Amino acid sequence: MNLLSVEKPARYMGGEMGSIRKDVADLRFALAFPDVYEVGMSHLGLRILYHILNEVEWIAAERVFAPWPDMEAQMRADGVPLATLETATPLADCDIIGFTLQYELSYTNILNMLRLGGIPLLSSDRSEVFPLIIAGGPCAYNPEPLAPFFDAVLLGDGEEAVLEIAMAVRDAKKGGESRAQLLERLSLIEGVYIPSFFEPQYSQDGTVSAMKSLKPGYSSVRRRFLADLDAAAYPASPVVPFMKTVHDRVAVEIARGCTRGCRFCQAGYVYRPLRERSPETILNLVEQSLKATGYDEISLLSLSTGDYSCVTPLVTELMARYAEDRVAVSLPSLRVGSLSDELIEEIKKVRKTGFTLAPEAGSDRMRRVINKGITEDDLIAGAAAIYQAGWRLIKLYFMIGLPGETPDDIAQIATLGRRVKDQAKGSSVSGDVNVAVSTFVPKAHTPFQWEPQISMQETTDLQYQLHCDLKKRKLKFKWQDAPLSFMEGVFARGDRRLAPLLIRAVELGCRFDGWREYFSLELWLQACADCNIEPEWYLRRRGLDEVLPWDHLDCGVTREFLLAERERALAEAATKDCRDGNCSGCGVCDFSVVTNRLSPQTPPVSRPKIVVDEPVAARMRLRFSKVGGMRYLSHLELITVFTRAVSKGGVPILFSLGFHPHPRFSFGTATSVGVESQAEYMDMFVVSGISAGEVQERLNAVLPEGLRILESEEVDVKSPSISTLIEATSYRITVAGADPGLLSEQCVQFMAQEAFVIQRTKKGQTTTVDLRGETVSLSVSGQTVKLVAKRGKPVEFARAITGNGELQGDDIQVEKCAVIFAA
């Protein structure tokens, strides 16, 4: 498929560094992420499963993402089914499709991806000829709105279970088992939920009266636990995207689970117990990942990174190891209570773009209700230390609509925001504060799962109040649109009766509902009306004795504990952190296999520093080809590829000076997207002592297929920039369907003109180019024009020669053959 007509071709190319292609495999497992590529490629779970599955010789794990609307339109127009990135295998030809359930507003994308793959939506409509459709992720703890679409759902940690699922499918495939027999086999795997083995029953008032088990001895499903995170497999050589992604860096999960017990936080309950990786394992993973990817930033991931037992010595060691390599360290989830002076002293050394804190509520009273465990004084002291360390911006995250919230609690959000901003007065920076507010959505398996969600009108009223209060205090305000929170809440605590609503919404055109530009409340309300569903009913308060749609799914935390936590919330009573041995009796741990596993609080072994003399520069000039899928790379994406490649290949590149240093290389003139080339040039400054041939060899060992260094030579360090030496470029332009005789005549007519001036408009500025004046030579062979020109894009010349101003890049085939340098 020609990708020139879509916005970002790199989303669909595949072939990235680190990607794994297996043309032959017993089992093809599509890891499906129901959002756009750059979001899905930032998802840690997908990276982990891709690595684990592909470690097994007979499994081919491949990726597929939701196509952006422009790509979907082209696929439908061309009759092309949705396929995997690695081998372009249509989804319907895979053995397993595993969806990540990350966010309720991505549910329509799941159905749309199945439709684009030519796969029946309902599991009851799929025979053995179709793939097994499974799912996992945080939203799997209430998968009921999606239950009719899935054959199986994995609850909990997937590292071990995903291999057991793959083996079960392979064995069933070899044995010629029916789909029903396969589901029986899968139901024996710990953590696997088979929706078709349960039948919901409803009372006259519409509530669920029971989840009737259709299989004896299968009345509930307990989540899967990974006992030892430190011993678990982890991807040290992840796929490196060509394009910028949401989290474009090395990501290492240093801990899983959280013991803080914030009562609104589903992740804090369903990822228990707390399991930490050792500092030694983390340091090894970081070193391997940096070598394998070429990234220049490390992100230490967990639900609360600052609570990691050895966080300060770990960060100190990382800073010391990689300061010379200009590698930054980021800690994306820091709690106010975990901000020690030593930790701030270390993280202030990195790029100070903004420091994020999450008070969640405006008043100390509400923070006691939600068991946040921090006071206003803690927050103010933390803000003062952050400004003193040199940050100019603090981002504060709050929620509205929390249980028991009063108007005074809302008013205190602006007051607290201003107090935080005022802490900058005693520092050397002019402090800014951004206040971001989301609407509280009650989630399954939390103490607040019985609480109501505020309406869209209440949300809008509170947002307007905050807008006015924050504006008076000169604070910036960001919020989540009320309709998005409304629909998120409907599905977060929904049941199977919402499945027809999803089908109807997709039929009406709902896609990418988590993206403001594509969400349509009107379409959703129409779908609700068409399906006789009152969405507000799902936001109501639930009775404490009511059967909840997810009660048959056991996350490990007991219902009794959640009810007790709800009572403690009403009493504004704290529940202590259990990481230090104060067991709260949540029910997760067996204190043998499943238990908190903390890393010993001993500093990691430091690596001795190597003193390096001031390097002497050498300049390498490289010619490289850009063919196949790589022709769709933009110039910025090409720079990204080479930035990663020099690091991964061990090329001793030199860097620019300044706060944001960049590798010192420069390209010749940028080639248009879609143009294949045998004549791309770049200059690269390296530490002297390495030969041009060695640079070429190291780069070719790591560059993706379609990019290859063809020639290399060392040139004088002070020679002019390569772009100033280029005099003209030689192209071959093939116009499919053109009449050779007419094309030859058109070339003669074009060359006979004294001038052919076109206008270009970019960012409001109009410039002119005389294409005839820029033409050095022009000849024709069949349907192919051979052009040598100083300036001008090939498609502009094709339009000028043929007289067809409507020609687009995908109407012609262009190859850049050579570059002519000034004598």
**OP:** Can you confirm whether segment 197-214 contains a residue that is more than 24 Å from the chain's Cα centre (by Cα) and buried (at least 22 other Cβ atoms within 10 Å of the Cβ)?
**Re:** yes
Original post:
Mind checking which residues of segment 685-725 are surrounded by 13 or more Cβ atoms within 10 Å (Cβ to Cβ), of a type in the set (A, V, I, L, M, F, W, C) and in a loop (DSSP other than H, G, I, E, B)?
Top reply: Ile690, Leu703
Subject >> Answer from Arg272, Arg224 - the residue that is basic (Lys, Arg), open to solvent by 10 Å² or more (accessible area, probe 1.4 Å) and out of contact with any Ser or Thr (no Cβ under 9 Å at 6 or more places or on another chain) >> reply: Arg224
**OP:** Just give me the residues in segment 479-499 being charged (D, E, K, R), more than 22 Å from the chain's Cα centre (by Cα) and either under 11 Å from Ser455 (Cα atoms) or part of a helix (DSSP H, G or I) (or both), in sequence order.
**Re:** Arg496, Arg497
Subject >> Close pairs (7 angstrom Cβ cut-off, 6 or more residues apart or separate chains): over 14 Å from Ser672 (Cβ atoms) in segment 633-650, part of a helix (DSSP H, G or I) and of a type outside the set (A, V, I, L, M) anywhere >> reply: Arg644/Thr293; Lys648/Lys291; Lys648/Thr293; Gly649/Arg698; Gly650/Arg698
Original post:
Is it the case that segment 18-41 has a residue that's open to solvent by 30 Å² or more (accessible area, probe 1.4 Å) and assigned to a helix (DSSP H, G or I)?
Top reply: yes
**OP:** Consider Gly556 carefully, then state whether it is touching a residue at least 40 places away in the same chain (Cβ under 8 Å) and under 20 Å from Cys139 (Cβ atoms).
**Re:** yes
**OP:** Report yes if some residue within segment 384-394 is open to solvent by less than 30 Å² (accessible area, probe 1.4 Å), over 25 Å from Arg566 (Cα atoms), under 31 Å from the mean Cα position of the chain (by Cα) and among the β-branched types (Val, Ile, Thr); otherwise report no.
**Re:** yes
Original post:
With respect to the numbered conditions (1) free of Cβ contacts under 8 Å to residues at least 60 places away in the same chain; (2) buried (at least 20 other Cβ atoms within 10 Å of the Cβ), which one is the sole condition not fulfilled by Phe512?
Top reply: (1)
**OP:** Identify, by number, the condition in (1) open to solvent by 30 Å² or more (accessible area, probe 1.4 Å); (2) in contact with a Leu (Cβ under 9 Å, 6 or more places away or on another chain); (3) part of a loop (DSSP other than H, G, I, E, B); (4) farther than 29 Å from Tyr271 by Cα that Tyr518 doesn't meet.
**Re:** (2)
Subject >> Residue under evaluation Arg791, criteria (1) at pLDDT below 95; (2) open to solvent by 70 Å² or more (accessible area, probe 1.4 Å); (3) over 41 Å from the mean Cα position of the chain (by Cα), criterion not met >> reply: (3)
**OP:** List every residue pair whose Cβ atoms sit under 7 Å apart, with the two residues 6 or more apart in sequence or on different chains, where the first one lies in segment 319-340 and is more than 30 Å from Gly261 (Cα to Cα) and the second, anywhere, is of a type in the set (Lys, Arg) and buried (at least 19 other Cβ atoms within 10 Å of the Cβ).
**Re:** none
Original post:
For segment 673-722, how many residues meet the condition of being free of Cβ contacts under 8 Å to residues at least 24 places away in the same chain and over 23 Å from Lys816 (Cβ atoms)?
Top reply: 5
**OP:** Look through Leu462, Leu502, Leu498 and report the one residue that is surrounded by 15 or more Cβ atoms within 10 Å (Cβ to Cβ), within 17 Å of Met399 (Cβ to Cβ) and not basic (Lys, Arg).
**Re:** Leu462
Original post:
So which residues in segment 58-103 are farther than 16 Å from Tyr12 by Cα, open to solvent by 10 Å² or more (accessible area, probe 1.4 Å), outside any strand (DSSP E or B) and touching a helix residue (DSSP H, G or I) at 6+ places or on another chain (Cβ under 9 Å), if there are any at all?
Top reply: Trp58, Asp95, Gln102, Tyr103
Original post:
Being farther than 17 Å from Glu815 by Cα, in a strand (DSSP E or B), basic (Lys, Arg) and free of Cβ contacts under 8 Å to residues at least 12 places away in the same chain, is that true of even one residue in segment 753-775?
Top reply: yes
Subject >> Of residues in segment 107-165 being among the aromatic types (Phe, Trp, Tyr) and either in a helix (DSSP H, G or I) or open to solvent by 10 Å² or more (accessible area, probe 1.4 Å) (or both), the one farthest from Glu184 (Cα to Cα) >> reply: Tyr107
**OP:** Name the single residue, out of those in segment 652-672 being farther than 23 Å from Val819 by Cβ and in contact (Cβ under 8 Å) with a residue 24 or more places away in the chain, that is surrounded by the most Cβ atoms within 10 Å (Cβ to Cβ).
**Re:** Ile653
**OP:** Please give the number of the condition Pro452 fails out of (1) buried (at least 16 other Cβ atoms within 10 Å of the Cβ); (2) of a type outside the set (Phe, Trp, Tyr); (3) within 30 Å of Val557 (Cβ to Cβ).
**Re:** (1)
Original post:
Out of all the residues in segment 413-444, which are over 25 Å from the mean Cα position of the chain (by Cα), surrounded by 21 or more Cβ atoms within 10 Å (Cβ to Cβ) and in a loop (DSSP other than H, G, I, E, B)?
Top reply: none
Original post:
Considering only segment 735-761, how many residues are in contact with an Asp or Glu (Cβ under 8 Å, 6 or more places away or on another chain), closer than 16 Å to Ala789 by Cα and buried (at least 16 other Cβ atoms within 10 Å of the Cβ)?
Top reply: 2
Subject >> Output for segment 625-648, where each listed residue is open to solvent by less than 20 Å² (accessible area, probe 1.4 Å) and part of a loop (DSSP other than H, G, I, E, B) >> reply: Leu633
Subject >> Positions within segment 303-326 being open to solvent by 20 Å² or more (accessible area, probe 1.4 Å) and either within 30 Å of Leu657 (Cα to Cα) or not in a helix (DSSP H, G or I) (or both), in sequence order >> reply: Leu303, Ser309, Thr312, Pro313, Thr316, Met319, Ala320, Arg321, Ala323, Glu324, Asp325, Arg326
Original post:
Do you know which of the residues in segment 556-583 that are of a type outside the set (A, V, I, L, M, F, W, C) and buried (at least 17 other Cβ atoms within 10 Å of the Cβ) is farthest from Gly373 (Cα to Cα)?
Top reply: Gly556
**OP:** Could you list all residues from segment 794-823 that are outside any strand (DSSP E or B), open to solvent by 40 Å² or more (accessible area, probe 1.4 Å) and of a type in the set (A, V, I, L, M, F, W, C)?
**Re:** Ala822, Ala823
Subject >> Residue check for Thr353: open to solvent by 10 Å² or more (accessible area, probe 1.4 Å), under 20 Å from Gly390 (Cα atoms), at pLDDT 85 or above and not aromatic (Phe, Trp, Tyr) >> reply: no
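The values are calculated or read from the model by the stated rules, or taken from the named source; none is laboratory data. In this text the structure is predicted, and so the values were computed from the model without any measurement. Don't worry about glycine lacking a Cβ; one is built from the backbone with ideal geometry, like all the others, and counts go over all protein chains shown. With ligands, DNA and RNA removed, areas are computed over all heavy atoms of the protein, side chains included. Shrake-Rupley method; radii C 1.70, N 1.55, O 1.52, S 1.80 Å.
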